[in-house]
Amino acid sequence: MTIWSPWPEVPDLLADLEVPGARWFQPARADIPRLLELVRTYPDIAVGAESVHGQRGFWDYQVQLRDLDGPRWIFPVALERGSRVVALLTVELRPQQRLLEGRLALVAPDERARGIGAMLAGPIPERIGRAVGAELLLSYATLAHRHSQALLVQHGYRLAGVIPGYDLDRLADGTVRRVWEALYVKLLVGAAAVHQPALEDLLPATRAVAAALGLLGRGPAV
């Protein structure tokens, strides 16, 4: 089975996800300054795993921009209104695992309450995943507020774990601390494709956590 397909064409992929007065596109190198401008409006992203999005070299050397040769495993989708980039999503493909991981999703503060965040959490990564042959979507959500967790659940993701101290974040008082994040997954294949472990192979604590998350006896929701 092929585990790599070319990244999709964004205009075709998202043609029906309309945001009045705005346009979805795959950024090119010339768009990097506009992307950095949006990222830098979020000071908490200056630390932690996704702080790389604020560095020019990350976009030049690791991201599949429209006019760069590939394959590169990180793919961007952006929304522009006039000359501004007002929303951004990056996802990373792990081709050997057939897994697509959400990296960063941002919406400019003045563009919120338009349903853009829901598109970034739900249909867009799923469409990208299906286009490149991914079988599992994986996403992390902060436990600092409920909104990102609720969006993932709304779009069919299942909570698979909570990781204390997973990443670094800048707190409201300006200090940088390790923070908890929740791990969510969504299968793009049927539950029959997922091997279920034998209960006797699970430690009691593992079995209790899996049962509490509703994972025993079936794969994560499709």
Q) Okay, which of region 125-155 sit inside 13 Å, backbone N to the point 7 Å along the Cα-Cβ direction of Arg112? A) 145-148
Q: In a Gaussian network model over the chain where Cα atoms closer than 10 Å are linked, find which of Ala113, Ala198, Ala150 has the largest mean-square fluctuation.
A: Ala198
(Q) Can you tell me what share of the DSSP beta bridges in the chain is antiparallel? A percent to the nearest 5 is fine. (A) 90 percent
Q | Ordering of 10-17, 94-101 by packing [mean C-beta count within 10 Å, highest first] | A | 94-101, 10-17
Q.
Using +1 at the C-beta of Lys and Arg and -1 at the C-beta of Asp and Glu, which of Gln149, Val86, Val132 has the Cα lying farthest in the positive direction of the dipole of region 10-212?
A. Val86
Q) How many nm is it between the label spots at Leu203 and Glu18, if each spot is 7 Å from the Cα in line with the beta carbon? A) 5.5 nm
Q. So how much slack lies between Ala49 and Arg84, counting 0.36 nm per residue of separation and subtracting their Cα-Cα distance, in nm?
A. 10.1 nm
Q) If R0 is 22 Å, what FRET efficiency do you get for Gln154 and Ala191 from their C-beta distance, rounded to 0.05? A) 0.60
Q | Highest to lowest packing among 59-71, 122-134, scored as the average C-beta count within 10 Å | A | 122-134, 59-71
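Going by a ≥ b ≥ c, the root eigenvalues of the Cα gyration tensor, does region 10-212 fall in the rounded group (a/c under 1.5), the prolate group (a/b larger than b/c) or the oblate group?
Details: a/c = 1.78, a/b = 1.39, b/c = 1.28.
Note, shape of region 10-212 comes out prolate.
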Q: Distance from a point 7 Å along Cα→Cβ of Arg127 to each backbone N in region 65-84: keep the residues under 15 Å and list them by number.
A: 76-80
Q: Rank these for me by crowding, Val19, Val91, going from fewest to most other beta carbons within 10 Å.
A: Val19, Val91
Q.
Could you give the length gained by full extension between Ala28 and Tyr61, i.e. 0.36 nm per residue of separation minus their alpha carbon distance, to one decimal place?
A. 10.6 nm
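None of the figures in this text is laboratory data; all of them are computed from the coordinates on show. Keep in mind the model is a prediction, meaning the values are calculated, not measured. Cβ coordinates were reconstructed from backbone atoms using ideal geometry, including for glycine residues, and neighbour counts include every protein chain displayed.
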